[in-house]
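Participant: Structure below; questions to follow.
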Amino acid sequence: MLFAVTIEDKPGMAATRRAVRAEHIAWLERHREMLVIAGPIMDAEGNSIGSVRVIEAPDRAAVEALTEGDPFARAGCFARVSINPYRIVFKDGAKAE
């Protein structure tokens, strides 16, 4: 099952993000089989202010556990996390249904 995960960072977390980024990337690598897509949300100046992910998992509990284990989460970066079932309609310029 697919889930869309939208994460909003707390204000002022840029330095914390930079400090744990290498650990975060290694964490993403370890969980790559679950990641359909993942990347930062940027502000107008190009600073990361959160993340968007589409995750394939058996259930919401697995997505919650995965998200809680993110080094950014453990470092206290996240202000808000939204997890919702997701369905791909278009992918790579073509209808996917």
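Participant: Can you list residue pairs whose Cβ atoms sit under 8 Å apart, with the first residue in the range 26-37 being aromatic (Phe, Trp, Tyr) and the second being assigned to a helix (DSSP H, G or I) and surrounded by 15 or more Cβ atoms within 10 Å (Cβ to Cβ)? Count only pairs 6 or more apart in sequence or on different chains.
Facilitator: Within 8 Å, the pairs are Trp27/Pro71.
Participant: Within the range 68-97, track down each residue that is farther than 19 Å from Ala22 by Cβ and not hydrophobic (A, V, I, L, M, F, W, C).
Facilitator: Narrowing the range 68-97 to residues farther than 19 Å from Ala22 by Cβ: 68, 79-97.
Glu68, Arg80, Ser82, Asn84, Pro85, Tyr86, Arg87, Lys91, Asp92, Gly93, Lys95, Glu97 - these are the residues of the range 68-97 that are farther than 19 Å from Ala22 by Cβ and not hydrophobic (A, V, I, L, M, F, W, C).
Participant: Could you say which residue among Arg60, Arg53 is touching a residue at least 12 places away in the same chain (Cβ under 8 Å), touching a Phe, Trp or Tyr at 6+ places or on another chain (Cβ under 9 Å) and under 14 Å from Ile7 (Cα atoms)? Can you show your working first?
Facilitator: Numbers: Arg60 fails: under 14 Å from Ile7 (Cα atoms).
Being touching a residue at least 12 places away in the same chain (Cβ under 8 Å), touching a Phe, Trp or Tyr at 6+ places or on another chain (Cβ under 9 Å) and under 14 Å from Ile7 (Cα atoms) holds for just one of Arg60, Arg53, which is Arg53.
Participant: Could you check, for the range 36-58, whether at least one of its residues is part of a helix (DSSP H, G or I), touching a strand residue (DSSP E or B) at 6+ places or on another chain (Cβ under 8 Å) and surrounded by fewer than 17 Cβ atoms within 10 Å (Cβ to Cβ)? Explain how you work it out, then say what you get.
Facilitator: Taking the range 36-58 and keeping what is part of a helix (DSSP H, G or I), we get none.
No, the conditions are met nowhere in the range 36-58.
Participant: Can I ask one more? So which residues in the range 59-82 are surrounded by 13 or more Cβ atoms within 10 Å (Cβ to Cβ) and aliphatic (A, V, I, L, M), if there are any at all? Steps first, answer last, please.
Facilitator: Within the range 59-82, the first condition is being surrounded by 13 or more Cβ atoms within 10 Å (Cβ to Cβ), and the residues that meet it are 60, 62-64, 66-67, 70-75, 77-79, 81.
Within the range 59-82, Ala62, Val63, Leu66, Ala73, Ala75, Ala79, Val81 qualify.
Participant: So, one more: Going through the range 59-75 one residue at a time, which ones are of a type outside the set (Lys, Arg) and either within 10 Å of the chain's Cα centre (by Cα) or not in a loop (DSSP other than H, G, I, E, B) (or both)? Don't jump to the end; show me each part of the working.
Facilitator: Of all residues in the range 59-75, those of a type outside the set (Lys, Arg) come to 59, 61-73, 75.
Matches in the range 59-75: Ala61, Ala62, Val63, Glu64, Ala65, Leu66, Thr67, Glu68, Asp70, Pro71, Phe72, Ala73.
Participant: Can you tell me which residues in the range 80-95 are at pLDDT 95 or above and part of a strand (DSSP E or B)?
Facilitator: Result: Arg80, Val81, Ser82, Ile83, Asn84, Pro85.
The values are calculated or read from the model by the stated rules, or taken from the named source; none is laboratory data. It should be emphasised that the depicted structure is a prediction, and the values quoted were computed from it without experimental measurement. All Cβ positions, even for glycine, are placed from backbone atoms using ideal geometry, and neighbour counts span all protein chains on display.
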